[in-house]
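*Asks:* Can you read through this structure? Questions will come right after.
The values are calculated or read from the model by the stated rules, or taken from the named source; none is laboratory data. Note that this is a predicted model, so its numbers are computed, not measured. Cβ sites come from the backbone with ideal geometry, for glycine too, and all protein chains shown count toward neighbours.
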Amino acid sequence: MKEVLAMRKFVAPELVFGVGSSKLAGQYAENFGVSRALIVSDSGIVECSWVKGVRESLEDAGIETFVFSNVSENPRDVEVMEGAEFYLENRCDCIIAVGGGSPMDCAKGIGIVTTNNSHILNFEGVDMVEVPGPPLICVPTTSGSSADVSQFAIITDTERDVKISIVSKAMVPDAALIDPELTTTMDAALTAATGLDALTHAMEAYVSNANSALTDLFALDAIELVSKNLVGAINNPLNIELRGLVMLGSMEAGLAFSNAILGAVHAMAHSLGGFLDLPHGECNAILLPYVIKTNFPYAVDRYTNIAQKMGVDVAEKSSEQICDELVEAIIALRKSAGIKKSLGDLGLSREDIPQLAELALQDACMVTNPVELSQEDVEKIYEAAL
């Protein structure tokens, strides 16, 4: 009971979930009293009907639009700074992000750079943003990153080849319009990577040392929703019900991890993804089982609950058996989703591991891992995933 009553903060944007919610962009922007919107997207979807629909919604509300789409799969510091310059040149007064985690994180970065007149890398860490950005509306087109509801932004430092974490209440969008229809154009690989990212968010939030009764509710439901519906959504991409259930799980996972934070999987994935420029969700999916093996003895009850949500029968089994079966269930799900490579297959060499481990230990997400890991612990996890 004491844990339930422990003081915890919970932040979330105003959000609308459901088919058609993306069409409310103009209405929300108008409510903010703005007149010139910067739409942040990426080159892959900037001509997509989803971007056009959001743009039309804004223009119908009398809001002039400007599009910035120079955003990489892992958004870079130089892209954030270029976007901020474009925002100021066009005298914009709000930002609308349309896309996956990369455009949304880039949009968050653009916002705080313009209001604080500072380089994006100066905000690395927790609560380093003094002045909130301009009004920000996020319209996600993937179901995994949950940048649309979180207080995180992940940006690649191109000098150090590492992803930095910016964690601040100022990173929470003012509104999130979460429309499952927009995920129907994702291909199988992207659906898998983002879905497994969402699953990792939920699991890490649930075992985080900053968990709470409220984040637990969202995390456990997200684990069940994503694990039960992800493969179906991959195999039936136009099934709006399956897409919607995965996106609902992603949203719940985002609300959980935004407030409980994450753990070693994400800290290690940030280090790895920045070094090799790899898809974030795929890195998480590969690392997750090996981090669980390391963490399990320090959060047995919580990982047992996760195993049950994954469909593992835990009755009359030892903690070692439950751990093994949970790991097997995650690996089976990952393979069914089409993610079958190891870190070695993706280009990681044993010689790179000490440097990556050192960077991972400096990541803000490592602070809330259920057990403090050493350099040797982290190196062993990378080696196991090779």
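*Asks:* For the range 294-311, give me the residue count where each residue is within 18 Å of Ser212 (Cα to Cα) and either free of Cβ contacts under 8 Å to residues at least 60 places away in the same chain or not in a helix (DSSP H, G or I) (or both).
*Replies:* Here the count works out to 4.
*Asks:* Can Ile223 be described as among the β-branched types (Val, Ile, Thr) and closer than 30 Å to Gly33 by Cα? Before the answer, list the steps.
*Replies:* Numbers: among the β-branched types (Val, Ile, Thr): yes; closer than 30 Å to Gly33 by Cα: no.
Considered against the rule, which asks whether it is among the β-branched types (Val, Ile, Thr) and closer than 30 Å to Gly33 by Cα, Ile223 comes out as no.
*Asks:* Report, by residue number, each residue of the range 362-372 that is touching a helix residue (DSSP H, G or I) at 6+ places or on another chain (Cβ under 6 Å) and more than 18 Å from Asn211 (Cβ to Cβ). Can you show your working first?
*Replies:* Going residue by residue through the range 362-372, those that are touching a helix residue (DSSP H, G or I) at 6+ places or on another chain (Cβ under 6 Å) are 363, 365-366, 369-371.
Passing the criteria: only Asp363.
*Asks:* If I filter the range 1-38 down to residues being surrounded by fewer than 13 Cβ atoms within 10 Å (Cβ to Cβ) and free of Cβ contacts under 8 Å to residues at least 60 places away in the same chain, which single residue comes out as farthest from Ser212 (Cα to Cα)?
*Replies:* The selected residue is Gly33.
*Asks:* Let me ask something else. Name the residue, out of Asp157, Asp148, Asp127, that is in contact (Cβ under 8 Å) with a residue 12 or more places away in the chain and closer than 13 Å to Ala176 by Cα.
*Replies:* Numbers: Asp157 fails: closer than 13 Å to Ala176 by Cα; Asp127 fails: closer than 13 Å to Ala176 by Cα.
Answer to the check: Asp148.
*Asks:* In the range 134-157, is there at least one residue being closer than 30 Å to Thr304 by Cα, among the charged types (D, E, K, R) and surrounded by fewer than 24 Cβ atoms within 10 Å (Cβ to Cβ)?
*Replies:* No, because not a single residue in the range 134-157 is closer than 30 Å to Thr304 by Cα, among the charged types (D, E, K, R) and surrounded by fewer than 24 Cβ atoms within 10 Å (Cβ to Cβ).
*Asks:* Still on this structure, please answer the following. Across the range 168-201, what is the total count of residues that are crowded, with 24+ Cβ neighbours inside 10 Å and of a type in the set (Val, Ile, Thr)?
*Replies:* Residues meeting the conditions: 5.
*Asks:* On to the next question. Which ones in the range 358-369 are among the aliphatic types (A, V, I, L, M) and either more than 17 Å from Ser168 (Cα to Cα) or crowded, with 18+ Cβ neighbours inside 10 Å (or both)? Quick ask: steps written out before the conclusion?
*Replies:* To start, the set of residues in the range 358-369 that are among the aliphatic types (A, V, I, L, M) comprises 359-361, 364, 366-367.
Correct list: Leu359, Ala360, Leu361, Ala364, Met366.
*Asks:* Let me ask you something else. Scan Val67, Val71, Val162, Val129 and give me the residue that is crowded, with 20+ Cβ neighbours inside 10 Å, modelled with pLDDT of 95 or more and within 28 Å of Thr191 (Cβ to Cβ). Let's see the steps before the verdict.
*Replies:* On the way: Val67 fails: crowded, with 20+ Cβ neighbours inside 10 Å; Val162 fails: modelled with pLDDT of 95 or more; Val129 fails: within 28 Å of Thr191 (Cβ to Cβ).
After applying the criteria, what remains is Val71.
*Asks:* Here's a follow-up. For the range 231-268, which residues satisfy the criterion of being under 16 Å from the mean Cα position of the chain (by Cα) and within 12 Å of Ser143 (Cα to Cα)? Steps first, please.
*Replies:* Initial filter on the range 231-268 (under 16 Å from the mean Cα position of the chain (by Cα)): 246-268.
Residues satisfying the conditions are Val246, Met247, Leu248, Gly249, Ser250, Met251, Glu252, Ala253, Gly254.
*Asks:* For Val327, are the conditions met, namely being assigned to a helix (DSSP H, G or I), surrounded by fewer than 22 Cβ atoms within 10 Å (Cβ to Cβ) and of a type in the set (A, V, I, L, M, F, W, C)? Let's see the steps before the verdict.
*Replies:* Values: assigned to a helix (DSSP H, G or I): yes; surrounded by fewer than 22 Cβ atoms within 10 Å (Cβ to Cβ): yes; of a type in the set (A, V, I, L, M, F, W, C): yes.
Yes.
*Asks:* While we're here: Kindly indicate whether any position in the range 349-362 is among the β-branched types (Val, Ile, Thr) and either over 20 Å from Ala264 (Cα atoms) or touching a strand residue (DSSP E or B) at 6+ places or on another chain (Cβ under 9 Å) (or both).
*Replies:* Let us first name the residues in the range 349-362 that are among the β-branched types (Val, Ile, Thr), namely 353.
With either over 20 Å from Ala264 (Cα atoms) or touching a strand residue (DSSP E or B) at 6+ places or on another chain (Cβ under 9 Å) (or both) added as a condition, the list becomes none.
No: zero hits.
*Asks:* Quick check on the range 279-317: of everything there that is among the acidic types (Asp, Glu) and over 25 Å from the mean Cα position of the chain (by Cα), which residue is surrounded by the fewest Cβ atoms within 10 Å (Cβ to Cβ)? Talk me through it step by step, then tell me what you get.
*Replies:* Start the filter on the range 279-317 by keeping residues that are among the acidic types (Asp, Glu), which leaves 282, 301, 313, 316.
When the remaining residues are screened for being over 25 Å from the mean Cα position of the chain (by Cα), the result is 301, 313, 316.
On the way: Asp301: 9, Asp313: 10, Glu316: 6.
My answer is Glu316.
*Asks:* Quick one: in the range 358-386, which of the residues that are in a loop (DSSP other than H, G, I, E, B) and touching a residue at least 24 places away in the same chain (Cβ under 8 Å) is nearest to Leu262 (Cα to Cα)?
*Replies:* So the first thing to find is which residues in the range 358-386 are in a loop (DSSP other than H, G, I, E, B), and the list is 362-363, 369-374, 385-386.
Remaining after also requiring touching a residue at least 24 places away in the same chain (Cβ under 8 Å): 363, 369-371, 373, 385-386.
Working: Asp363: 11, Asn369: 7, Pro370: 10, Val371: 12, Leu373: 14, Ala385: 19, Leu386: 23 Å.
Ranking the candidates gives Asn369 first.
*Asks:* Checking the conditions here, which among Val51, Val67, Val71 is over 19 Å from Asp174 (Cβ atoms), assigned to a helix (DSSP H, G or I) and β-branched (Val, Ile, Thr)?
*Replies:* Values: Val67 fails: assigned to a helix (DSSP H, G or I); Val71 fails: assigned to a helix (DSSP H, G or I).
Testing whether each residue is over 19 Å from Asp174 (Cβ atoms), assigned to a helix (DSSP H, G or I) and β-branched (Val, Ile, Thr) leaves just Val51.
*Asks:* Among the candidates Glu320, Glu372, which residue alone is within 24 Å of Phe152 (Cα to Cα) and surrounded by fewer than 15 Cβ atoms within 10 Å (Cβ to Cβ)? Break it down stepwise before answering.
*Replies:* Details: Glu320 fails: within 24 Å of Phe152 (Cα to Cα).
Result of the check over Glu320, Glu372: Glu372.
*Asks:* Look at Val34 and say whether it is farther than 30 Å from Thr158 by Cα, assigned to a loop (DSSP other than H, G, I, E, B) and in contact with a strand residue (DSSP E or B) (Cβ under 8 Å, 6 or more places away or on another chain).
*Replies:* Working: farther than 30 Å from Thr158 by Cα: yes; assigned to a loop (DSSP other than H, G, I, E, B): yes; in contact with a strand residue (DSSP E or B) (Cβ under 8 Å, 6 or more places away or on another chain): yes.
Yes, satisfied.
*Asks:* May I pose another question? Determine the pairs where a residue that is under 17 Å from Met310 (Cβ atoms), located within the range 280-293, has a partner that is hydroxyl-bearing (Ser, Thr, Tyr) with Cβ atoms under 6 Å apart, the partner being 6 or more residues away or on another chain.
*Replies:* Hits for this filter: Asn284/Thr200; Leu288/Thr200.
*Asks:* Let me ask another. Considering each of Ser212, Ser165 in turn, give the residue that is of a type in the set (S, T, N, Q) and outside the structural domain of Asn31 (by TED's automatic domain parsing).
*Replies:* The unique qualifying residue is Ser212.
*Asks:* Okay, moving on. Being among the charged types (D, E, K, R) and over 16 Å from Ile223 (Cβ atoms) narrows it down to one residue among Lys341, Lys309; which is it?
*Replies:* Details: Lys309 fails: over 16 Å from Ile223 (Cβ atoms).
Being among the charged types (D, E, K, R) and over 16 Å from Ile223 (Cβ atoms) holds for just one of Lys341, Lys309, which is Lys341.
*Asks:* Looking at the range 146-202, which of its residues are of a type in the set (D, E, K, R) and more than 16 Å from the chain's Cα centre (by Cα)?
*Replies:* In the first step, residues of the range 146-202 are kept if they are of a type in the set (D, E, K, R); the result is 148, 157, 159-161, 163, 169, 174, 179, 181, 187, 197.
Asp157, Glu159, Arg160, Asp161, Asp174, Asp179, Glu181, Asp187 - these are the residues of the range 146-202 that are of a type in the set (D, E, K, R) and more than 16 Å from the chain's Cα centre (by Cα).
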